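A.B. asks: First the structure, then my questions, so here it is.
Laboratory data are not the source of any read-out in this text; all were calculated from the coordinates shown. None of these values were measured; they are calculated from a predicted model. Positions of Cβ are backbone-derived with ideal geometry, glycine not excepted, and every protein chain shown enters the neighbour counts.
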Ligand code: ADP
């Protein structure tokens, strides 16, 4: 609750600052002082955008998610996530290779939240990948402790996760990226758990690279 309140308290004045800086950036004067002021205004704008993104992510983490569940096939969810991550995948020069098991049961999920979780994972994988490499997306059925799950795995060809980093991955604000905020995995795990599922991180067994596995419970059979 405190985090959510604090986030709003930060976002409101930030909106005011943003508007003021945009006004400054619009000055039509051409003198050196005006040009310097315009450059500074652009720098401030992009820093504001970073704070804004961080606080919005924090808000997603702090809020109870109250998923709006609907029964869905797995493939459309994968499509939505790839669409959401498209520009990041293109920037990294990576391609997706998808293998979906036949006759997968449906899941009961909030498509918006699951898209967010999966696209976070795809973006991370893209950021860890060298240009020209692939991200393998696998969807299979899995039994765990007598319960049925859909397993969605993302395997990349990046450097993998160092052993000392592995236990810290799901800690809020843990990041190894210069401009990271360390909330993506925490939020994705939060989303998985709100659906009665889970999110696991490990290194691939078959090759170099990291593997993230999202487990979602199979939808209960329709009641007719
Ligand atoms: P951020 O992306 O802002 O760093 P995340 O919570 O999404 O926040 O990720 C936390 C850290 O986990 C990353 O900084 C990185 O060190 C590690 N990580 C996540 N995905 C991968 C991956 N596919 N390969 C290697 N390391 C990863």
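A.B. asks: Relative to the longest principal Cα axis of the chain, at what angle does helix 32-62 sit, 0 to 90 degrees, rounded to 10?
C.D. replies: The angle comes out at about 30 degrees.
A.B. asks: So how much slack lies between residue 4 and residue 68, counting 0.36 nm per residue of separation and subtracting their Cα-Cα distance, in nm? Show your work: numbers first, answer last.
C.D. replies: Details: separation 64, 0.36 × 64 = 23.04 nm, distance 2.03 nm.
Result for the pair: 21.0 nm of gain on full extension.
A.B. asks: Cα axis of helix 184-194 to longest principal axis of the chain: angle in degrees, 0 to 90, nearest 10?
C.D. replies: On a 0 to 90 degree scale, this one is about 40.
A.B. asks: What spacing in nm lies between the two simple spin-label points modelled at residue 174 and residue 56, each 7 Å away from Cα in the Cβ direction?
C.D. replies: Result for the modelled spin labels: 2.6 nm.
A.B. asks: Taking the Cβ-Cβ separation of residue 202 and residue 143 as r and a Förster radius of 22 Å, what is the calculated FRET efficiency to the nearest 0.05? Let's see the in-between values first.
C.D. replies: Numbers: r = 19 Å, r/R0 = 0.85.
After rounding, the FRET efficiency stands at 0.75.
A.B. asks: I would also like to ask the following. Based on DSSP H runs of at least 4 residues, each adding -39500 (n - 2.57), what is the mean residue ellipticity at 222 nm of the chain after dividing by all its residues, to the nearest 500 deg cm²/dmol?
C.D. replies: Details: 5 runs with 103 residues, N = 224.
Roughly -16000 deg cm²/dmol at 222 nm, from the helical runs in the chain.
A.B. asks: Then there's this: Taking 30 Å as R0, compute the FRET efficiency from the Cβ-Cβ separation of residue 43 and residue 127 and round it to 0.05. If you can, show how the numbers build up before the last one.
C.D. replies: Numbers: r = 23 Å, r/R0 = 0.78.
According to the calculation, E is roughly 0.80.
A.B. asks: Let me ask something additional. Which of the three applies to region 67-118, rounded, prolate or oblate, going by the alpha-carbon gyration tensor with a ≥ b ≥ c and a/c under 1.5 meaning rounded?
C.D. replies: Working: a/c = 4.02, a/b = 1.48, b/c = 2.72.
Verdict is oblate for region 67-118.
A.B. asks: Exposure proxy check: 66, 45 ranked by fewest other beta carbons within 10 Å? Don't skip to the end; give the middle numbers.
C.D. replies: Details: 66 9, 45 15.
Listing 66, 45 from fewest to most nearby Cβ atoms yields 66, 45.
A.B. asks: Any idea how far apart residue 29 and residue 88 come out in nm if each label point goes 7 Å out from Cα toward Cβ?
C.D. replies: 4.1 nm
A.B. asks: May I pose another question? Express as a percent, rounded to the nearest 5, the fraction of DSSP beta bridges in the chain (both residues included) that run antiparallel. Let's see the in-between values first.
C.D. replies: Numbers: 26 of 32 bridges.
Counting DSSP beta bridges with both partners in the chain, the antiparallel share is about 80 percent.
A.B. asks: Residue 22 to residue 99: extension gain in nm, 0.36 nm per residue of separation minus the Cα-Cα distance?
C.D. replies: The residue 22-residue 99 span can extend by a further 23.1 nm.
A.B. asks: So, one more: Round to the nearest 10 and give me the degree value, 0 to 90, for the angle of helix 2-25's Cα axis relative to the longest principal axis of the chain.
C.D. replies: 40 degrees
A.B. asks: Going by the alpha-carbon gyration tensor, a ≥ b ≥ c the square roots of its eigenvalues, is region 1-146 rounded (a/c under 1.5) or, if a/c is not under 1.5, prolate (a/b greater than b/c) versus oblate? Each step should come with its number before you reach the end.
C.D. replies: Values: a/c = 3.57, a/b = 1.80, b/c = 1.99.
Here region 1-146 falls in the oblate category.
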